[in-house]
1. Is it fair to say Phe134 is farther than 30 Å from Lys23 by Cα, crowded, with 16+ Cβ neighbours inside 10 Å and touching a strand residue (DSSP E or B) at 6+ places or on another chain (Cβ under 7 Å)?
2. Hey, Trp66 hits all of (1) closer than 26 Å to Phe117 by Cβ; (2) at pLDDT below 95 but one; which does it fall short on?
3. Write out, first by first residue and then by second, each pair whose Cβ atoms fall under 8 Å of each other, whose residues are 6+ apart or on separate chains, and whose first residue, in region 70-89, is closer than 16 Å to Thr110 by Cβ while the second is among the small types (Gly, Ala, Ser) and open to solvent by 50 Å² or more (accessible area, probe 1.4 Å).
4. How many residues does region 41-87 contain that are acidic (Asp, Glu), in contact with a Ser or Thr (Cβ under 6 Å, 6 or more places away or on another chain) and assigned to a strand (DSSP E or B)?
5. Could you check, for region 188-197, whether at least one of its residues is at positive phi, of a type outside the set (A, V, I, L, M, F, W, C) and open to solvent by 70 Å² or more (accessible area, probe 1.4 Å)?
6. Within region 26-41, identify whether any single residue is of a type in the set (Val, Ile, Thr), at pLDDT 95 or above and under 20 Å from Thr103 (Cβ atoms), and answer yes or no.
7. Looking at region 42-63, which of its residues are crowded, with 19+ Cβ neighbours inside 10 Å and out of contact with any strand residue (DSSP E or B) (no Cβ under 6 Å at 6 or more places or on another chain)?
8. Which strands (runs of 3 or more DSSP E) sit wholly inside region 88-175 and have at least 1 residues that are under 25 Å from Val191 (Cα atoms)?
Amino acid sequence: AALTVSDGTLTGSTISFPIYVGKQAPTAQIITPLADSTYDAGATITASASASDAVDEQLPDSAYNWSVIFHHGTHTHPFLDALPASKSATFVIPDTGEPSADTYYEIVLTVTNSQGFSTTQKRFIYPNKVLLSFATNTPGTTFTLDGKPFALPYTTQAVVGFKRTIDTLSPQTINGENQDFRMWSDGGKKVHTITTPQVDTTYT
């Protein structure tokens, strides 16, 4: 821009100087995953975004910072921090660990421009869930799911693709009689790992 200075009588001088857009944060948009997307345990998630501002226009990869937060019930756990600076980030949903179905993930993107101003966007993704049921032909028996004992029959919600370990004590005394383990309906050994199916399923 040019500024002309004059006293109104003599010819003034002209000074050229740059005009900078006022201090402002960049705009940012998470493109993928879509809002309220769902996942199976073990799935690979790819997050992508775009960001720009009036000074830098399209921001470089170095402007992007990604992190992922794991939500469990009413509290959170850090899951991934400081992923490589890029317009996209990839991570894998665990298929072991916390077995609760009351879980989901929060993807956090912070974009910082050359002036040091930042914008943060968030995206939540949720698990696909089914019912896992466990039964017996001998009422009163107990079994263990991931090492915790439960009386049969028992039903719980589970995340599709998550690995669960089932077992049963043998023998067990039911109504004064010893009961020995015979078989699981899926043909597995007394103690074995199942991968949560995509549909409601009963193991007997």
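1. Numbers: farther than 30 Å from Lys23 by Cα: yes; crowded, with 16+ Cβ neighbours inside 10 Å: yes; touching a strand residue (DSSP E or B) at 6+ places or on another chain (Cβ under 7 Å): yes.
Yes.
2. (2)
3. So the pair list comes out as Ala85/Ser62.
4. First, pick out the residues of region 41-87 that are acidic (Asp, Glu): 53, 56-57, 61, 81.
Narrowing the set further to residues that are in contact with a Ser or Thr (Cβ under 6 Å, 6 or more places away or on another chain) leaves 56, 61, 81.
Filter once more, so that each one left must be assigned to a strand (DSSP E or B): none.
Residues that pass the stated criteria total 0.
5. Applying the first criterion (at positive phi) to region 188-197 yields none.
No, region 188-197 has no match at all.
6. Of all residues in region 26-41, those of a type in the set (Val, Ile, Thr) come to 27, 30-32, 38.
Now narrow it down to the ones that are at pLDDT 95 or above: 30-32, 38.
Filter once more, keeping what is under 20 Å from Thr103 (Cβ atoms): 38.
Checked against the condition, which is being of a type in the set (Val, Ile, Thr), at pLDDT 95 or above and under 20 Å from Thr103 (Cβ atoms), region 26-41 yields at least one hit.
7. Asp53
8. On the way: elements: 88-92, 103-112, 118-127, 129-134, 142-145, 148-151, 154-159, 163-167, 172-174.
In region 88-175, the matching strands (runs of 3 or more DSSP E) lie at 129-134, 142-145, 148-151, 154-159, 163-167, 172-174.
The values are calculated or read from the model by the stated rules, or taken from the named source; none is laboratory data. It should be emphasised that the depicted structure is a prediction, and the values quoted were computed from it without experimental measurement. Quick reminder, even Gly has a Cβ in these numbers, built from the backbone with ideal geometry, and neighbours come from all protein chains shown. Please note that ligands, DNA and RNA were not included when accessible areas were found on the heavy atoms of the full protein model with its side chains. Shrake-Rupley method; radii C 1.70, N 1.55, O 1.52, S 1.80 Å.
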